[in-house]
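Some notes on the structure that comes next.
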Amino acid sequence: MIILTLVLPLASGCKPSPTPLPTPEPFPTSESSLNGTIIIFHAGSLTVPLKALTEAFQAKHPGVTFQTEASGSRTAARKISELGREADIIMSADYTVINELLIPEFADWNISFARNTMVIAYTDKSKYADEINADNWYEILLRDGVVYGHSDPDADPCGYRTLMVWRLAEKYYNVPGLYQKLDEHCPPENVRPKSVELIALLESGDMDYAFEYRSVAVQHGLKFVELPEEINLCCTEHADFYKQARVEVSGKEPGTTITKVGKPIIYGVTIPKNAPHPELALGFVKFLLGPEGQAIMEKMGQPPIMPPIASTGKENLPASLQALVK
């Protein structure tokens, strides 16, 4: 059990006052008194772990309800930056989305809290399911009649990470032109707004293979190809090799672009400046980053970063979060 407490700094030489002092952050004096609704815009790949996280939090705080919206992480950020919508928490499958689309205008800080890995998901219905492996997957995908897909790079990090995997695969397997071939054999109708939408197509047999996060494949009971670490974007030790993959995606302003550079998959979380319930949001983020929240992420096949990392610097964090991060 996690017990979240409020610590009030006392001035040197002053006696404690019998009257509660105002806090520097809008947080209740007792977290057992938390009541209200927490609005979360989140990456589709966090749908299953977030359900477990919110249920565990509600068990401690029955007065709290959640309104969650799954989408591609870039779409989630644009709900605030372009559509003017309000959310208490943004949870992105790529921490750099928060840095690029929300900071500094719409958020002050960003905490990296979990990792993931790119895999190729499939089912027993998939063509050549008994043949595909880490050495021949690209040959299988390029065979006649094989249908594969990925999410939209402009909306979802899993989409541009798929393209990075293809670029890295061309170098790793030393197959000139492989990226172009994979791109040409994946028509627009096989590209969906978020990666989790591909799961129904796999399960129905309408799609043979989908590029997904490992956690999503595990959570949905799918088979998957474990790609080499040199191309699956999981490991910091291969960060220099990942940097060779570059993908252009839509930018902060309409008509502009951003160059995404390959790097290990790291998830980020923030509380937007316009959060309608910042005190509730802070309570949930503390839970997410604490031992119980990290244990839930681990159980869901998504390794937590321990301790979490303040990618924008600890000095920008709310005081009550600073002790939880590196």
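Since every read-out is calculated from the coordinates, none of them should be taken as a lab result. Source: prediction; values computed, not measured. For neighbour counting, all protein chains shown are included, and Cβ atoms are generated from backbone atoms with ideal geometry for every residue, glycine included.
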| query | For the stretch 273-285, in order, what is each residue's ³J(HN,Hα) by Karplus, 6.51 cos²θ - 1.76 cosθ + 1.60 with θ = phi - 60°, in whole Hz (x at glycine and Pro)? | reply | 4, 9, 4, x, 9, x, 5, 5, 4, 4, x, 6, 5
| request: With a point put 7 Å past each Cα toward its Cβ, work out how far residue 253 is from residue 239 in nm, to one decimal. | output: 3.1
| remark: In the neighbourhood of residue 264 defined by beta carbon distances under 14 Å, the net charge of the other residues (Lys, Arg +1; Asp, Glu -1) is +1
| query | Which lysines have a Cα lying under 20 Å from the Cα of residue 286, excluding residues fewer than 8 positions away in the same chain? | reply | 51, 60, 273, 299, 314, 326
| query | Using a cut-off of 14 Å between alpha-carbon atoms, which aspartates and glutamates can reach residue 127, once sequence neighbours fewer than 8 places away in the same chain are excluded? | reply | 139, 144, 203, 206, 208
| note | Straight-line reach check, residue 260, cutoff 24 Å on alpha carbons, 8 or more apart in-chain or any other chain, hits among lysines -> 79, 171, 181, 194, 243, 252
| request: Let me know the Kirkwood hydrodynamic radius for the stretch 67-143, please, with Cα pairs as the basis and the value in Å to one decimal. | output: 15.5
| message | Limiting things to C-alpha atoms, what are the Rg and the maximum Cα-Cα separation (Dmax) for the chain, in angstroms? | response | 21.2, 79
| request: Return one number: the angle in degrees, 0 to 90 and rounded to the nearest 10, between the long axis of the Cα atoms of helix 47-60 and the longest principal axis of the Cα atoms of the chain. | output: 20
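State whether the stretch 202-326 is rounded, prolate or oblate according to the following rule on the C-alpha gyration tensor (a ≥ b ≥ c being the square roots of its eigenvalues): a/c under 1.5 gives rounded; otherwise a/b larger than b/c gives prolate, and the remaining case gives oblate.
Details: a/c = 1.67, a/b = 1.35, b/c = 1.24.
Because a/c hits 1.5 or more and a/b exceeds b/c, the stretch 202-326 counts as prolate.
Express the C-alpha Rg of the stretch 118-261 as a ratio against the empirical globular expectation 2.2 N^0.38 Å, rounded to two decimals. Walk me through the numbers before you get to the answer.
Details: Rg = 14.5 Å, N = 144, 2.2 N^0.38 = 14.5 Å.
After normalising by residue count via 2.2 N^0.38 Å, the value is 1.00.
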